[in-house]
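**Q** Mind having a look at this structure? Questions to follow.
Every number here is computed from the coordinates shown, using simple stated rules; none is lab data. Predicted, not measured: the structure shown is a model, and the values here were computed from it. Cβ: placed from backbone, ideal geometry, glycine included. Neighbour counts: every protein chain shown.
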Amino acid sequence: MALKSFIEVGPDSHFPIQNLPFGIFKPEPTSPPRPGVAIGDYVLDLSTISVSGLFDGPFLSGSDCFLQPNLNKFLALGRPAWKEARATVQNLLSADEGKLRDNPNLREKSLVPMSKVEMLLPIAIGDYTDFFSSMHHARNCGIMFRGPENAINPNWFQLPIAYHGRSSSIVVSGTDIIRPRGQGHPNGNSPPYFGPSRKLDFELEMAAVVGPGNELGKPVDVNEAGDHIFGLVLMNDWSARDIQAWEYVPLGPFLGKSFGTTISPWIVTLDALEPFACDAPKQDPQPLPYLAEKISKNYDISLEVQIKPAGQEDSCVVTRSNFNHLYWTVTQQLAHHTINGCNLRPGDLLGTGTISGPEPESYGCLLELTWNGQKSLSLNGTTRKFLEDGDEVVFSGCSKGDGYKVGFGTCSGKILPSP
Ligand SMILES: O=C(O)/C=C/C(=O)CC(=O)CC(=O)O
Ligand SMILES: [Ca+2]
Ligand SMILES: [Mg+2]
C-alpha cells in the first residue's frame with residue numbers, strides 16, 4: 001500500500017508525503033520566520049511541532065534547531081538527524097497516525113495554507129560556488145566564445161570546473177531582478193559599450209545545499225560526500241552575456257553574474273530523491289582516484305523553463321532538460337571543492353552549472369537556444385533573443401514516481417528595467 005497522508009494531496013502536486021521538502025516561511029507578514037515542510041497545499045510549521053515535543057527521537061529531542069530563522073543549525077546536525085526529522089514528519093502526516101490527524105487544536109496551529117505564507121531564503125548562505133558540469137553547455141559556450149577547435153579545454157574532463165560566486169545577491173523565488181548595467185565588448189576601435197545589458201539571460205541550474213561540511217585542511221572523501229549534501233533546489237544563475245564575454249578573461253565570471261541569483265524556496269532532500277537515482281554518465285578519461293566514486297549517481301529530475309513575455313498573460317515553454325545530463329556528479333563537485341583543504345560550512349550552496357541536454361530543445365539558456373542572438377525564439381506571437389524588461393522566467397522541476405511526483409515547485413523572477 002502506497003504511503004498516504006490524511007491531508008488530501010492531488011496526483012499532480014509536487015508535495016505529497018513522499019517528498020516533504022524543508023523551507024523557511026512566515027505564516028503572517030509580521031510573524032518571525034520559522035522552518036516548515038510542504039505537504040500538498042499546506043505548510044507544516046516545524047516550530048509548533050517542536051514546541052509540542054513531537055520531535056522525540058535521540059537526535060532531535062531537546063534541540064532548538066526548528067526554532068531558528070534558517071535551516072543552518074538543522075543542516076549542521078547531519079544525516080542521522082535529517083532522517084529522524086523526515087521519519088517523524090512522515091509519521092505525523094500519515095493517514096494511519098492519529099497524533100496530528102485527531103488533534104484539531106494542533107492541526108489548526110501547525111498547518112498553514114501555502115497560499116497564505118511568505119517563503120524566505122531557507123538558509124543563510126556563507127559561500128556560493130557555481131560549477132560548469134554539463135558537457136553540452138560547456139561545448140556550446142566554448143564554440144561561441146572560443147571557437148570550435150578548442151571548444152572544451154582538456155582540463156574540463158579531468159576536474160569539475162567552477163568559479164566562486166556571490167552569495168549576498170542570492171534571492172528567493174519571486175524576487176524581481178534589476179537589469180544590470182556594465183561594459184560590453186567594444187566594436188572595432190571604439191571604446192566599450194556602457195549601459196543596461198543588452199544580452200540578459202537565464203541559466204537553468206540546480207544547486208546542492210551543504211550539510212555538516214568539513215574543517216579547514218581536512219578534505220571530504222568522494223565516497224562520503226553524499227553525507228554532506230542535505231538536498232537540492234532549483235537555481236537561476238542570471239547572466240549578462242555581453243558583460244560576461246568582455247570581462248571574463250583571465251579571471252572568470254564577475255559582474256556578469258553577481259547582480260542576482262534566484263533559488264527555489266523548498267529544499268528537496270536527497271532522501272526523497274533516492275527512488276529517482278540513476279547512473280551518472282560514464283566518464284572518459286577515468287577521473288583521478290580522489291574523484292573516482294564507488295557508486296556514481298545522478299537523479300532523474302525533469303526540468304522546464306517557461307517565459308511569460310512582458311505584458312502577456314500566458315507563458316511559453318522554452319526548454320526541457322533533465323538533471324541526469326550532468327557529467328560531473330554533485331558528490332564529485334563537493335569532494336573536489338575540498339581536496340585542497342578548503343572548508344565547506346552548513347548552508348553553503350554549490351550550483352551544478354547550466355543543465356543543457358544534447359538536443360537543441362534541451363539547452364539551458366538563451367545564449368545556446370538563440371545561438372548568441374543569431375536566431376529568435378518565438379513565444380506566443382512575439383519573439384526573443386535575450387530577456388526584455390517585464391519578462392518573467394519560471395523554472396520548474398519534478399521526478400515522477402508511481403502515482404505521485406516529488407517536485408521542487410517553481411523558481412521565478414521578473415526583469416525590471418535598469419535604474
Ligand atoms: O564557457 C564559458 O566561458 C562560460 C560559460 C558560463 O556562463 C558558465 C557558468 O556560469 C557555469 C555554468 O552555468 O555552467
Ligand atoms: Ca552558471
Ligand atoms: Mg548569478
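**Q** Enumerate the calculated ³J(HN,Hα) couplings along segment 340-347 in order (Karplus 6.51 cos²θ - 1.76 cosθ + 1.60, θ = phi - 60°), each rounded to whole Hz, writing x wherever the residue is Gly or Pro.
**A** My calculation for segment 340-347 gives 8, x, 4, 8, 10, 10, x, x Hz in order.
**Q** Arrange 60, 67 by Cβ neighbour counts within 10 Å, fewest through most, would you? Please report the intermediate quantities before stating the final value.
**A** Details: 60 20, 67 14.
Listed from fewest to most nearby Cβ atoms, that is 67, 60.
**Q** Using 20 Å as the Cα-Cα cut-off, could you pick out the over-long pairs in 4/109; 83/282; 26/257; 116/405; 257/414; 26/109?
**A** Over 20 Å Cα-Cα: 4/109; 83/282; 26/257; 116/405.
**Q** I've got another one for you. Just from its helices, what would the mean residue ellipticity at 222 nm be for the chain, if runs of 4 or more DSSP H residues each count -39500 (n - 2.57) and the sum is divided by every residue, rounded to the nearest 500 deg cm²/dmol?
**A** Calculated from helices alone, the mean residue ellipticity at 222 nm is -4500 deg cm²/dmol.
**Q** Another question, then. Please give the Cα centre distance for segment 322-351 versus segment 190-247, rounded to the nearest Å.
**A** Measuring centre to centre over Cα atoms gives 11 Å.
**Q** Report the per residue volume, in Å³, of the convex hull enclosing the C-alpha atoms of segment 252-400.
**A** It comes to 168 Å³ per residue, whole-number rounded.
**Q** Please give the charge dipole size of segment 164-318, origin at the Cα centre, charges +1 on K and R Cβ atoms and -1 on D and E Cβ atoms. Round to the nearest 20 debye.
**A** Here segment 164-318 has a charge dipole of around 740 debye.
**Q** So, one more: Roughly speaking, what is the centre-to-centre gap between segment 280-318 and segment 1-78 when only Cα atoms are used, to the nearest Å?
**A** Cα centroid of segment 280-318 versus Cα centroid of segment 1-78: 27 Å apart.
**Q** Counting C-alpha atoms alone, how compact is the chain: give Rg to one decimal and Dmax as a whole number, in angstrom.
**A** Here Rg and the maximum Cα pair distance are 21.6, 76 Å.
**Q** Cut-off is 10 Å between beta-carbons; in what order do 203, 97 appear when sorted fewest neighbours first?
**A** 97, 203
**Q** Can you list the aspartates and glutamates whose alpha carbon is less than 16 Å from that of residue 400, not counting same-chain residues fewer than 8 positions off?
**A** 12, 271, 274, 300, 304
**Q** What is the packing order of peptides 383-393, 270-280, taking the mean over residues of other C-beta atoms within 10 Å and listing the highest first?
**A** 383-393, 270-280
**Q** Under the Kirkwood approximation applied to all pairs of distinct alpha-carbon atoms, what is the hydrodynamic radius of segment 39-123 in Å?
**A** About 13.6 Å for segment 39-123.
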